[in-house]
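Student: First, the structure itself, so that you have it in front of you.
The values are calculated or read from the model by the stated rules, or taken from the named source; none is laboratory data. Since this is a predicted model, take the numbers as computed values, not measurements. Positions of Cβ are backbone-derived with ideal geometry, glycine not excepted, and every protein chain shown enters the neighbour counts. Quick note on the areas: whole protein, heavy atoms, side chains included, nothing else; ligands and nucleic acids left out. Shrake-Rupley method; radii C 1.70, N 1.55, O 1.52, S 1.80 Å.
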Amino acid sequence: MAEPQRIVIVGAGLAGATAAAAARAEGYEGELLLLGAEQHRPYELPSLSKAILLAERDEPDWVHEENFYVRNGIDLRRGVEAVRVELGARVVTDSHGGEHRFDRLLLATGSRPRTLPVPGADLEGIRTLRTLDDSLELRAGIEAARHVVIVGAGWIGCEAAAAARTLGAEVTVVDVRPLPLLDVLGEEIASVFHTMHTEHGVQWRLGTGVAAFTGQGQVSGVRLTDGTEVQADLVLSAVGAAPRIELARSAGLEMADDGGVTVDAGLRTAAPGVFAAGDIASHFHPRYGRRIRVEHWANAKGQGERAGKNLVGEPQPYEATPYFFTDQYDLGCEYRGLADPHSDELVVRGDLDARDFTAFWLRNGRVEAAMNVNQWDDGDALQAMVDRRVSVTAEELRTADLAELAQR
């Protein structure tokens with residue numbers, strides 16, 4: 001594949017910025033344009049719901065230091081959004097009217113928070129969390145509020161609940177499911193998080209949804225579908241994220257059933273020279289033999305690096321297993337793999353009540369996923385076991401040396 005003369009990357013988040021750096025690291029010397037809708041230079045998202053929301057710091061983890069882009073000949077355009085892609089003409093048009101020709105194109109447009117289509121959704125004091133500015137504004141709102149309601153008990157909702165309680169607010173979490181994180185972790189492990197938050201004073205309204213937000217101009221309450229109302233000075237809507245696929249769809253790229261842009265193992269769309277990475281990529285994963293779309297930090301970073309290399313060289317598959325981490329109060333954990341907690345066999349090594357354990361999910365006797373909670377010595381072994389889908393018994397996982405099991 002001939003080296004391109006001009007690469008355009010749409011989306012200056014972690015995936016896009018990492019791709020730009022990877023292309024340069026591969027020796028690419030042509031023009032390289034990175035378009036980003038935000039005024040900030042590219043940054044990573046995990047601290048937004050962790051250290052920044054906890055008021056431990058005011059800046060995120062920047063993907064690169066300030067002068068990296070100039071020094072490496074990357075034309076970073078801040079506050080410039082791509083509004084149209086013409087695949088035939090191979091041109092990207094931006095929100096300022098600029099037109100940018102490309103030989104290769106990477107779409108890394110990320111996600112936006114989903115919102116609840118209920119009465120009162122436009123009241124002041126109802127917030128979402130996706131950007132650095134969102135995090136700083138949400139923190140200020142929590143510090144000024146007494147009653148904080150968080151709608152959604154996924155990872156963002158749970159991390160925000162921990163931060164709000166740590167900052168001294170009264171917190172109520174609302175979710176239609178009977179336990180937080182149930183769809184990801186299953187009942188037994190989800191109960192660990194439920195108990196932990198309860199011990200820290202979080203109030204739960206589970207198994208019910210939001211019927212409306214109430215208030216005159218400013219939110220003052222959340223009316224639930226069970227007919228009750230919860231007082232609220234501030235509401236965080238944390239009901240998931242939607243991939244930003246409008247640009248790709250309007251360009252005529254193929255969409256997948258999971259809502260993402262269809263790409264092959266090497267992150268290529270069906271359009272020649274056009275790639276997609278990060279939250280929007282419905283990626284055919286060689287390890288699983290099917291499409292998956294992952295919205296976590298490690299996926300954006302890993303796919304960004306692979307896409308950057310594939311933009312300028314012979315495309316290679318992206319094969320990393322999914323990974324994410326969370327910090328809530330005194331609990332820290334890492335999750336590797338991709339399990340179905342409702343059908344895979346759960347095996348626990350350690351003490352659930354003490355929140356000091358490793359959980360494994362087995363399918364047909366093989367390790368599909370592993371999550372270490374407040375245990376940090378076996379990360380390499382867990383990664384190897386998940387990557388290789390090691391064949392083990394439940395008893396071996398509970399008692400045997402994990403490093404030895406990982407060598408099978």
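Student: What distance in nm separates the simple spin-label points at Glu137 and Asn72, each placed 7 Å from Cα in the Cβ direction?
Tutor: The two pseudo-label positions are separated by 3.0 nm.
Student: Sum -39500 (n - 2.57) across every DSSP H segment of at least 4 residues in the chain, then divide by the residue count to get the 222 nm mean residue ellipticity, nearest 500.
Tutor: Details: 10 runs with 100 residues, N = 408.
The per-residue figure over the chain is -7000 deg cm²/dmol.
Student: Next question. Which shape class, rounded, prolate or oblate, goes with the stretch 171-230 when its Cα gyration tensor gives a ≥ b ≥ c as root eigenvalues, a/c under 1.5 marks rounded, and past that a/b bigger than b/c marks prolate? Before the final figure, lay out the partial values.
Tutor: On the way: a/c = 3.10, a/b = 1.94, b/c = 1.60.
It is prolate, given that a/c is not under 1.5 and a/b is the larger ratio.
Student: Kindly write out, for the stretch 115-124 in residue order, the coupling ³J(HN,Hα) from the Karplus curve 6.51 cos²θ - 1.76 cosθ + 1.60 (θ = phi - 60°), rounded to whole Hz, with x marking Gly and Pro.
Tutor: Here the 3J(HN,Hα) series is 10, 9, x, 10, x, x, 5, 9, 5, 5 Hz.
Student: Give me the one-decimal nm value for the distance between modelled label points at Gln218 and Arg114, 7 Å along each residue's Cα-to-Cβ direction.
Tutor: The modelled label-to-label distance comes out at 3.0 nm.
Student: Specify, per residue and in Å³, the volume enclosed by the convex hull of the alpha carbon atoms belonging to the stretch 19-67. Display every interim value, and only then the final one.
Tutor: On the way: hull volume 4.9 nm³, N = 49.
Given the Cα convex hull of the stretch 19-67, per-residue volume reads 99 Å³.
Student: Still on this structure: If amide H atoms are built 1.01 Å from N in the plane of the peptide, which residues on other chains or at least 5 residues away come under 5 Å of the amide H of His285?
Tutor: For His285, the qualifying residues are Arg290, Arg291, Ile292.
Student: Per residue, how much accessible area does the stretch 72-198 show when a 1.4 Å probe rolls over the protein heavy atoms, in square angstrom? The partial results should precede the final answer.
Tutor: Numbers: 5320 Å² over 127 residues.
So the stretch 72-198 comes to 42 Å² accessible per residue, rounded to a whole number.
Student: Taking every DSSP beta bridge that has both residues in the stretch 39-182, what percent is antiparallel when rounded to the nearest 5?
Tutor: 60
Student: Relative contact order for the stretch 212-319: what is it in percent, counting Cα pairs under 8 Å that are at least 6 residues apart? Don't skip to the end; give the middle numbers.
Tutor: On the way: 164 pairs, mean separation 18.7, N = 108.
Result for the stretch 212-319 is 17 percent.
Student: Rounded to the nearest 0.05, what FRET efficiency is calculated for Glu29 and Gln316 with R0 set to 25 Å and r the Cβ-Cβ distance? Kindly include the intermediate steps, with their values, before the conclusion.
Tutor: Values: r = 21 Å, r/R0 = 0.83.
Computed FRET efficiency for Glu29 and Gln316: 0.75.
Student: Another question about this same structure. Figure the gain on full extension for Ala242 and Glu59 (residue separation times 0.36 nm, minus the Cα-Cα span) and round it to one decimal in nm. Kindly include the intermediate steps, with their values, before the conclusion.
Tutor: Working: separation 183, 0.36 × 183 = 65.88 nm, distance 2.50 nm.
Full extension of this stretch gives 63.4 nm more.
Student: To continue, here is another question. Please express the Cα-Cα pair-distance distribution P(r) of the stretch 81-143 as a list of whole percents, one per 5 Å bin, running from 0 to the bin with the greatest distance.
Tutor: Whole-percent P(r) values from 0 Å outward: 4, 13, 16, 15, 12, 12, 13, 10, 6, 1, 0.
Student: Still on this structure, I have one more. Using a Förster radius of 25 Å, what is the FRET efficiency between Glu404 and Asp257 based on their Cβ-Cβ separation? Nearest 0.05, please.
Tutor: Details: r = 41 Å, r/R0 = 1.63.
Efficiency, rounded to the nearest 0.05: 0.05.
Student: Same structure again: Taking the dipole about the Cα centre of the stretch 199-281, with the C-beta of Lys and Arg at +1 and of Asp and Glu at -1, give me whichever of Ala281, Leu206, Gly217 is farthest to the positive side.
Tutor: So the residue furthest toward the plus end is Gly217.
Student: Where does the Debye-calculated log10 I(q)/I(0) of the chain sit at q = 0.06, 0.12, 0.13 Å⁻¹, using only Cα point scatterers of equal weight, no solvent?
Tutor: Treating every Cα as an identical point scatterer, log10 I(q)/I(0) equals -0.26, -1.04, -1.18.
Student: Between Val390 and residues 5 or more places away or on another chain, which pairs have amide H atoms under 5 Å apart, with H built 1.01 Å from N, and which residues are they?
Tutor: When sequence neighbours closer than 5 places are left aside, the close amide H contacts are Val367.
Student: OK, next. Using θ = phi - 60° and the Karplus curve 6.51 cos²θ - 1.76 cosθ + 1.60, what whole-Hz ³J(HN,Hα) does each residue of the stretch 24-38 get, with Gly and Pro shown as x?
Tutor: For the stretch 24-38, the Karplus curve yields 5, 5, 7, x, 5, 10, x, 6, 9, 10, 10, 9, x, 6, 7 Hz.
Student: Moving on to the next point. Which three extents, in angstrom, do the Cα atoms of the stretch 224-287 have along their principal axes, listed largest first?
Tutor: Sorted from largest, the Cα extents of the stretch 224-287 read 54, 30, 19 Å.
Student: Remind me, relative contact order of the chain in percent, using alpha carbon pairs under 8 angstrom and six or more residues apart? Walk me through the numbers before you get to the answer.
Tutor: On the way: 919 pairs, mean separation 62.6, N = 408.
Over the chain, the number comes to 15 percent.
Student: Under a Cβ-only charge scheme (Lys and Arg +1, Asp and Glu -1), can you give me the dipole magnitude of the stretch 221-322 about the Cα centre, in debye to the nearest 20? All intermediate terms of the calculation are to be shown ahead of the outcome.
Tutor: Details: 11 positive and 13 negative charges, 75 e Å.
With Lys and Arg at +1 and Asp and Glu at -1, about 360 debye.
Student: Right, next: Quick one: which residues, 5+ away or cross-chain, put their amide H under 5 Å from the amide H of Arg127? H built at 1.01 Å from N.
Tutor: Distant-sequence amide H within range of Arg127: Val235, Leu236, Ser237.
Student: Let me ask another. Through the Karplus equation 6.51 cos²θ - 1.76 cosθ + 1.60, θ set to phi - 60°, convert the phi angles of the stretch 141-146 into ³J(HN,Hα) values in whole Hz; use x for Gly and Pro.
Tutor: Rounded to whole hertz, the list is x, 5, 5, 8, 8, 9.
Student: If you average the C-alpha positions of the stretch 85-154 and of the stretch 267-337 separately, how far apart do those two centres end up, in angstrom?
Tutor: 20
Student: Count neighbours as other Cβ atoms within 10 Å of each site's Cβ, and list the trypsin sites (Lys or Arg not before Pro) in the stretch 290-319 that are DSSP loop with at most 10 such neighbours. Don't skip to the answer; put the middle values down first.
Tutor: Details: sites: Arg290, Arg291, Arg293, Lys301, Arg306, Lys309; in loops: Arg293.
Here no trypsin sites (Lys or Arg not before Pro) fit, given the DSSP loop and packing criteria.
Student: Take the alpha-carbon centre of the stretch 206-229, take the same for the stretch 342-408, and report the distance between them in whole Å.
Tutor: Cα centroid of the stretch 206-229 versus Cα centroid of the stretch 342-408: 41 Å apart.
Student: If the stretch 50-161 were replaced by its equivalent ellipsoid, with semi-axes equal to the square roots of 5 times the Cα gyration tensor eigenvalues, what would those be, largest first, whole Å? Don't skip to the answer; put the middle values down first.
Tutor: Numbers: eigenvalues 237, 84, 29 Å².
Whole-Å semi-axes of the equivalent ellipsoid: 34, 20, 12.
Student: The stretch 123-194: Rg/Rh from Cα coordinates, Kirkwood Rh? Can you show the working numbers first?
Tutor: Numbers: Rg = 12.7 Å, Rh = 12.8 Å.
Taking Rh as the inverse mean 1/r over Cα pairs, Rg/Rh reads 0.99.
Student: Among the GluC sites (Glu not before Pro) in the stretch 291-378, which ones are in a DSSP loop with at most 14 other Cβ atoms within 10 Å of the Cβ? Mind listing them? Numbers along the way, then the final one.
Tutor: Working: sites: Glu295, Glu305, Glu319, Glu334, Glu345, Glu368; in loops: Glu295, Glu319.
Filter output for the stretch 291-378: Glu319.
Student: Using +1 on the beta carbon of Lys and Arg, -1 on that of Asp and Glu, and nothing else charged, what's the dipole of the stretch 118-225 about the Cα centre, debye to 20? It would help to have the intermediate numbers written out before the result.
Tutor: Numbers: 8 positive and 13 negative charges, 49 e Å.
About 240 debye.
Student: Using +1 on the beta carbon of Lys and Arg, -1 on that of Asp and Glu, and nothing else charged, what's the dipole of the stretch 176-232 about the Cα centre, debye to 20?
Tutor: 240
Student: With each label point set 7 Å from Cα along the Cα-Cβ vector, what nm distance links Asp387 and His40?
Tutor: 3.2
Student: For Asp401, what charge total do you get from the other residues with a beta carbon under 15 Å from its beta carbon, if Lys and Arg give +1 and Asp and Glu give -1? Display every interim value, and only then the final one.
Tutor: Working: positive: Arg349, Arg398, Arg408; negative: Asp377, Asp378, Asp380, Glu395, Glu396, Glu404.
Taking every Cβ under 15 Å from that of Asp401, the sum is -3.
Student: Please name whichever of Ile245, Thr128, Tyr335 sits farthest to the positive end of the charge dipole of the chain, dipole taken about the Cα centre and charges placed at Cβ: Lys and Arg +1, Asp and Glu -1.
Tutor: Going by the charge dipole, the pick is Ile245.
Student: Pairs of Cα atoms under 8 Å, at least six residues apart: use those to get the relative contact order of the stretch 18-70, whole percent. Each step should come with its number before you reach the end.
Tutor: Values: 27 pairs, mean separation 16.6, N = 53.
Once divided by the residue count of the stretch 18-70, the mean separation gives 31 percent.
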